[in-house]
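Novice: The structure under discussion is supplied below as structure tokens; questions concerning it will follow.
Please treat every number below as a calculation from the coordinates, not as lab data. Computed from a prediction, not measured in an experiment: that's the story for all the values here. Please note: Cβ atoms are built from the backbone with ideal geometry, for glycine as well, and neighbour counts cover all protein chains shown.
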């Protein structure tokens, strides 16, 4: 059986221990790389503009949560009735 020269990619789970701002700082260059080098990423799972939009949305949500510990978001969620198990409390 012939050996292939395919390099294995090892997934790093270090991002799970990062804060929201650190995660945004790591994700932003990934999106920029996808946009800057389309030849290197001919068919990405998520296109660059979508990834940038999701990173931006995450940043807005994280900063809103970090500002008051999520109290405002939970109050809005309870008022809207979108989370029944929290409404029971």
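Novice: If I take R0 = 35 Å and measure r between the Cβ atoms of residue 62 and residue 37 in this structure, what FRET efficiency does the formula 1/(1 + (r/R0)^6) give, to the nearest 0.05?
Specialist: That pair, residue 62 with residue 37, gives E of 0.80.
Novice: Report the gain in length on full extension from residue 54 to residue 11: 0.36 nm times residue separation, minus Cα-Cα distance, nm rounded to one decimal.
Specialist: Fully extending the segment from residue 54 to residue 11 adds 13.4 nm.
Novice: Once you place label points 7 Å from the Cα toward the Cβ at residue 26 and residue 71, how far apart are they in nm?
Specialist: The two pseudo-label positions are separated by 3.1 nm.
Novice: Another one. Taking R0 as 25 Å, what FRET efficiency do you get between residue 4 and residue 46 from their Cβ-Cβ distance, rounded to the nearest 0.05?
Specialist: In this case the efficiency is close to 0.35.
Novice: In what sequence do 46, 9, 30 fall when counting other Cβ within 10 Å, fewest first?
Specialist: 9, 46, 30
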